Amino acid sequence: MKRYCTAVEHIVNTKILGTLARPKQWKVPLNDKGDAINKVSLSNKKTRQFIDSMDELVNHIFSLDDHAEEREVWKNMLQDYRDAMEILRQPNDYSDDDIKEFQMKIDSFYLAYIETSGAGKQGITNYLHMLGSAHIKRFMKRHRNLYKFSQQGWESLNEKVKLIFFNHSQRGGNYGKSIEENERTYLKSIYSCFQRELLWVSGVGENYFMTDGTANYE
């Protein structure tokens, strides 16, 4: 199991989440005995990276000539899913043709996943049920745009906060033993990072360096 996971991790870190020049450090979450995979939890960004490049893992898992048919089934199935998600995530209002094509892609994916690939009922999650049962299609028809309800911006912000706090701060600062707990600063590094980002998002930072630095931004 561990040897197989090492090969999978190499593919993920060099072809999905990273590159050979800049590999990532993702690990397959194994149980304490190392003989089973625990629940895989990914951020929205990493999930989309996996889905977009899942063919790399499919080629590895079904690498034998005897698995050529299964390999194509999985590739076509994943492409249907990617096409459907691209329609679902679009910021513009859905047309009737968009909604029809979305459900056609989902139906094709759903049939291949549940029956052809052998996932069966055990492979149906709550989200897959909502897709396959056309609940999402009904939401698309009713609201004509689901992008405006997305909370991914907040999830991305939460991920950024965690990265800054755990990787780019001392989690309270190294003030020494003489400093009381209520005097330590846990969020200063996060606020500083957000202030710098706000300068560039708002254009103030760029304008500052494009001028003599004396412009009034009030």
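The values are calculated or read from the model by the stated rules, or taken from the named source; none is laboratory data. Just so we're clear, the structure is a prediction, and the values are computed from it rather than from any experiment. All Cβ positions, glycine included, derive from the backbone under ideal geometry; neighbour counts span all protein chains shown.
List every residue pair whose Cβ atoms sit under 6 Å apart, with the two residues 6 or more apart in sequence or on different chains, where the first one lies in the range 12-36 and is closer than 16 Å to THR47 by Cβ and the second, anywhere, is in a loop (DSSP other than H, G, I, E, B) and polar (S, T, N, Q). From residues that are closer than 16 Å to THR47 by Cβ, the pairs are ILE16/SER53; PRO29/ASN38. Here GLY34 passes the criteria (1) at positive phi; (2) in contact with a Gly (Cβ under 7 Å, 6 or more places away or on another chain) except the one numbered (2).
Checked against (1) closer than 30 Å to ARG138 by Cα; (2) loosely packed, with under 15 Cβ neighbours inside 10 Å; (3) out of contact with any Lys or Arg (no Cβ under 6 Å at 6 or more places or on another chain); (4) free of Cβ contacts under 8 Å to residues at least 60 places away in the same chain, LYS45 meets all criteria but (4). Looking at the range 1-78, the helices (runs of 4 or more DSSP H) lying wholly inside it that each contain 3 or more residues that are among the hydrophobic types (A, V, I, L, M, F, W, C) and closer than 29 Å to LEU163 by Cβ sit at 2-11.
Just checking, which of SER53, SER41 is modelled with pLDDT under 95, assigned by TED's automatic domain parsing to the domain that holds THR116 and of a type in the set (Ser, Thr, Tyr)?
SER41
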